[in-house]
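Asks: One structure follows; several queries about it will come next.
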Amino acid sequence: MSHGHSDPIHHPEVQMATNRNYITGFVVSSLLMLAATILVDGHILPSFGLLLAIIGCAGIAIIAQVYFLLHIDISEHNIWNTVALVMFIPLFIITIGLTWWMFSQLYMRTMPMIPGMPGMH
Amino acid sequence: MLVNVPGPWSPLLGRLALSEIPYTNPILAPLFIVIVLAGIVLIAGVTYYGKWGYLWKEWFTTVDHKKLGIMYIILGLIMLFRGFIDGLMMRTQQALGDGPGDNGMKVMGAIHGYLAPFHFGQIYSAHGLIMILLAATPLLVGLMNIIVPLQIGARDMAYPYLNALGLWITTAAVFLIMISLFVGDFSHNGWFGYAPIFELAYSPGVGVDYWIWTLELVALGTTLGSINFLATVVKMRAPGMTWGRLPVFTWTAVSANIIALTSFPCLQVALALVGADRYLGTHFFTAGFGGNLMLYTNLFWLWGHPEVYFVILPAFGMLSEVIPAFSEKPIFGYITMVLASFAIAGVSWIVWLHHFFTMGMGPYVSTEFSIATMLVGIPTGVKVFNWAFTLYRGRLTFSAAMLWSIGALFLLLIGGLTGMMLAIPAINYMVHNSVFVVAHFHMMLLCIVYAVFSAIIFWFPKIYGFKLNEAWGKIMFWLFSAGTFLVFFPMFMLGFMGETRRLDWPFNPQWGPWFDVQEIGIFVYILSVLAFLWMLYVSIRDRHANRVHTADAWGTSRSLEWLTDTPVPFYNFAMVPHINALDEVAWRREHGFMDKKPDHFKAIHMPNNTPIALYIGALTFLVGFGLTWRVWWLTLASLILAVILMIYRSNKGDPGYIIPAEKMEEMDRESKARMLSDDSHQVPHGGGFSGGTVTAYTALDRDASGSLTPPNDSRHL
């Protein structure tokens, strides 16, 4: 470990953080949130389209936040960030995926059809 | 934008009014007086003995992981007692209120028993929340706080200040739930909350708001703590402490904190959405307007199930330390033990749906989650067999700590097998929402409590330098076990007899005898609480006779925390030792290196005390209180002040202070002088070590002596 421990500013984690990254992350996620709000508020799309649009916005916002704010990527000099990413992806798939699956099964049995949604009986 | 609340509201006091203080309640009003008197006595006592300076300097502003851990444990024990009193009140209500007819105490406004349904609802909600998040979690976090840095040979946690912040935010949560006793009401819809009952339309009081912000605060504190634990174990291990030599307790702490770090945000988001519903008028979990009340249950248990493994895994780790020490054998199957911990942690993420099998999502989903839930039995079974094989042909000592650990194994067996039953959706449809489920998870949580008492008795001498009274530890164990048996075996029976949980009026007279047995069990529990207090009193009274003069208090301990002086000095290790083996202390003892002393010392770097963590904790309490009562100016002011303090502290930083090598040598000599030399210890040394050279302390001197650069001798090589 050659980088000086005396000055935390020289840690690679700190060096990677730039103001521009944080501001970009903040602006991108704010814009996406605003877009989703406008879409929902004005009922611009049919119900199911709205659902997909919000999910899309949320997905991009997650990627932007993970990359710009948390600096999680697959660069070699920051192995623990890569480890965090490797953990994050399966957890993301499990939690969102299983929730999606559960709700699709639940809705099929308990809820009226959402307008515009394919494959419901 | 803000929702209009029913009832009066003023900008200055929000919803607060004198009528919110239940001074007419015949239980709360006397309790309030007793607590105020006890508080006055406490404050007067501290003032009389002039201890404020000591408390402030040594405890309130400390960043020492051992002291923070002790405070976590005290907090946890107090809340364990509060939760127990809630349990006692529930048992008494059901024992008194059982059967048809008008058997209520009119003076309390009750039709059945002595508690009105609204009051009873608050008690069971508070009981669940307190026991899981404010008793079990602080007890486990406290023990991890004390032991993990010692086990890996670190001087402190990676972020000592963050550690203090976690403690004080958790304390703020405790104050928030305690103040709900005397100012306003607490939530009455269960510890996990039911949608949509917690919506403003159905719960217009402040109870649900207390519940939201208590949970949010404790979630915040625990998340901060889990970041700290992971960074500590990854970055702060002693030289030679490879991953393969990490003690099992530290491994379980790692797996548990990975769960905590990844799952607590789910809870925070779910509750923030409940908050948005109640404060901003959104419709996330309402029954109409596009809200989805199933989503709340889903999000809550998405956190809730990983959380139950977050609390059980460190308990497993404690058993894995206590059982080998009192079997005089290394843990059987170290690698499978570690893998099992991570298997449990991994599977914890795909089982949450078994909390609502009956929601109606159909056979395919239920099957997946049923099988995933049963899978947990495999790594847990591996662990149980490993403990059994550790015991097998061991030289067993049935000390108090060992009894608690073995008791935990029995509870784990019962809880695990009933858990297997509940994993089957068909059975779940039968016993869903019955007290059978309640009895099942009490078996699991009591398994944790047993492990915690075992760990407290086991590690107490390391921290305080004297042992707890063995005889009273055992008496408490037997009383506690009798109480457990008498309360929870009838509960399994009642579950089969169809009693649903949370009944303020158990209408069926046939349940009566079982309630009476449970009531007797609760009184046995009271005896065990008294035995615990008496054990503490006797142990402190006879502390000179029970003083431990050696590093290894039990003579058969195995991991690194037993290498340093007893009681542990504030710097943990005068020289950070070099780790040569798994179970370093056992290895050194067997090879005759326990008396190996460092031949030179290095300057060490220690963090400074800071009151800012305490201030921020107090401010988060005010934020929670302000939000609960909708006192916006208080909320905003405290929040802004907390952020300002955080920025101030970040800019100032903490350079820490350096203890020079000469001073270290002197302090080490003083500390060692209080202990007997390990040469004279009665434990026989092994036959010596043949072949190879041994490094007891790394000779590499990387830091220039006299320079003010913090030495990094605690880093992993």
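The values are calculated or read from the model by the stated rules, or taken from the named source; none is laboratory data. Keep in mind that this is a model prediction, so the values were computed, not measured. Cβ placement follows ideal geometry from the backbone for every residue including glycine, while neighbour counts extend to all protein chains displayed. Accessible surface is based on the protein model in full, side chains and every heavy atom, while ligands, DNA and RNA are left aside. Shrake-Rupley method; radii C 1.70, N 1.55, O 1.52, S 1.80 Å.
Asks: Please determine, by comparing only the residues of region B:295-329 that are of a type in the set (D, E, K, R) and farther than 25 Å from B:PHE284 by Cβ, which one is nearest to the other protein chains (Cβ to nearest Cβ).
Replies: Only one residue fits best here, namely B:GLU321.
Asks: Right, B:ALA613: more than 14 Å from chain A (Cβ to nearest Cβ), open to solvent by less than 20 Å² (accessible area, probe 1.4 Å) and more than 26 Å from B:ASP64 (Cβ to Cβ) or not?
Replies: no
Asks: Go through region A:72-85 and count every residue that is aliphatic (A, V, I, L, M), touching a residue at least 12 places away in the same chain (Cβ under 8 Å) and more than 10 Å from chain B (Cβ to nearest Cβ).
Replies: 2
Asks: While we're on this one: Restricting to region B:260-273, give me the number of residues that are more than 11 Å from B:LEU230 (Cα to Cα), within 11 Å of chain A (Cβ to nearest Cβ) and within 17 Å of the chain's Cα centre (by Cα).
Replies: Final tally of qualifying residues: 1.
Asks: Taking region B:97-142 on its own, how many of its residues are of a type in the set (Phe, Trp, Tyr), open to solvent by 10 Å² or more (accessible area, probe 1.4 Å) and part of a helix (DSSP H, G or I)? Give the derivation first.
Replies: Filtering region B:97-142 down to residues of a type in the set (Phe, Trp, Tyr) leaves B:114, B:118, B:120, B:124.
With the extra rule that they be open to solvent by 10 Å² or more (accessible area, probe 1.4 Å), the set shrinks to B:114, B:118, B:124.
After this cut, where a residue has to be part of a helix (DSSP H, G or I) as well, the list is B:118, B:124.
Of the residues in that region, 2 qualify.
Asks: Would you pick out the residues in region A:106-115 that are among the aliphatic types (A, V, I, L, M) and more than 7 Å from chain B (Cβ to nearest Cβ)? Before the answer, list the steps.
Replies: The first filter runs over region A:106-115 and keeps only residues among the aliphatic types (A, V, I, L, M), leaving A:106, A:108, A:111, A:113-114.
Passing the criteria: A:MET108, A:MET111, A:MET113, A:ILE114.
Asks: Determine whether region B:158-172 contains at least one residue that is more than 15 Å from the chain's Cα centre (by Cα) and among the hydroxyl-bearing types (Ser, Thr, Tyr). Explain how you work it out, then say what you get.
Replies: So the first thing to find is which residues in region B:158-172 are more than 15 Å from the chain's Cα centre (by Cα), and the list is B:158-162, B:164-165, B:172.
Of the ones still in play, those that are also among the hydroxyl-bearing types (Ser, Thr, Tyr) are B:159, B:161.
Yes, that holds for at least one residue.
Asks: So if I check each of A:PHE88, A:PHE48, A:PHE68, A:PHE103, which one is assigned to a helix (DSSP H, G or I), open to solvent by less than 60 Å² (accessible area, probe 1.4 Å), within 12 Å of chain B (Cβ to nearest Cβ) and out of contact with any Asp or Glu (no Cβ under 6 Å at 6 or more places or on another chain)? Outline the logic, then answer.
Replies: Numbers: A:PHE88 fails: open to solvent by less than 60 Å² (accessible area, probe 1.4 Å); A:PHE48 fails: within 12 Å of chain B (Cβ to nearest Cβ); A:PHE68 fails: within 12 Å of chain B (Cβ to nearest Cβ).
Result: A:PHE103 is the single residue among A:PHE88, A:PHE48, A:PHE68, A:PHE103 that is assigned to a helix (DSSP H, G or I), open to solvent by less than 60 Å² (accessible area, probe 1.4 Å), within 12 Å of chain B (Cβ to nearest Cβ) and out of contact with any Asp or Glu (no Cβ under 6 Å at 6 or more places or on another chain).
Asks: Also, I was wondering about something else. Filter region B:338-353 for residues that are assigned to a helix (DSSP H, G or I) and either touching a Gly at 6+ places or on another chain (Cβ under 7 Å) or within 11 Å of chain A (Cβ to nearest Cβ) (or both) and give the result. Write out each step before concluding.
Replies: Within region B:338-353, the first condition is being assigned to a helix (DSSP H, G or I), and the residues that meet it are B:338-350, B:352-353.
If the condition is that a residue be assigned to a helix (DSSP H, G or I) and either touching a Gly at 6+ places or on another chain (Cβ under 7 Å) or within 11 Å of chain A (Cβ to nearest Cβ) (or both), then B:ALA345, B:GLY346, B:VAL347, B:SER348, B:TRP349, B:ILE350, B:TRP352, B:LEU353 are the ones that fit.
Asks: Give the number of residues within region B:617-662 that are β-branched (Val, Ile, Thr), surrounded by 22 or more Cβ atoms within 10 Å (Cβ to Cβ) and outside any loop (DSSP other than H, G, I, E, B).
Replies: Residues in region B:617-662 being β-branched (Val, Ile, Thr), surrounded by 22 or more Cβ atoms within 10 Å (Cβ to Cβ) and outside any loop (DSSP other than H, G, I, E, B): 3 in total.
Asks: Considering (1) polar (S, T, N, Q); (2) in a helix (DSSP H, G or I); (3) buried (at least 24 other Cβ atoms within 10 Å of the Cβ), say which one B:SER187 fails and leave the rest.
Replies: Only one criterion in (1) polar (S, T, N, Q); (2) in a helix (DSSP H, G or I); (3) buried (at least 24 other Cβ atoms within 10 Å of the Cβ) is unmet by B:SER187, namely (2).
Asks: Does region B:568-586 contain any residue that is in contact with a helix residue (DSSP H, G or I) (Cβ under 6 Å, 6 or more places away or on another chain), charged (D, E, K, R) and open to solvent by 20 Å² or more (accessible area, probe 1.4 Å)?
Replies: The answer is no; no qualifying residue exists.
Asks: Any chance region B:232-244 includes a residue that's under 15 Å from B:PHE310 (Cβ atoms), surrounded by 24 or more Cβ atoms within 10 Å (Cβ to Cβ) and assigned by TED's automatic domain parsing to the domain that holds B:GLN122?
Replies: For region B:232-244, residues under 15 Å from B:PHE310 (Cβ atoms), surrounded by 24 or more Cβ atoms within 10 Å (Cβ to Cβ) and assigned by TED's automatic domain parsing to the domain that holds B:GLN122: absent.
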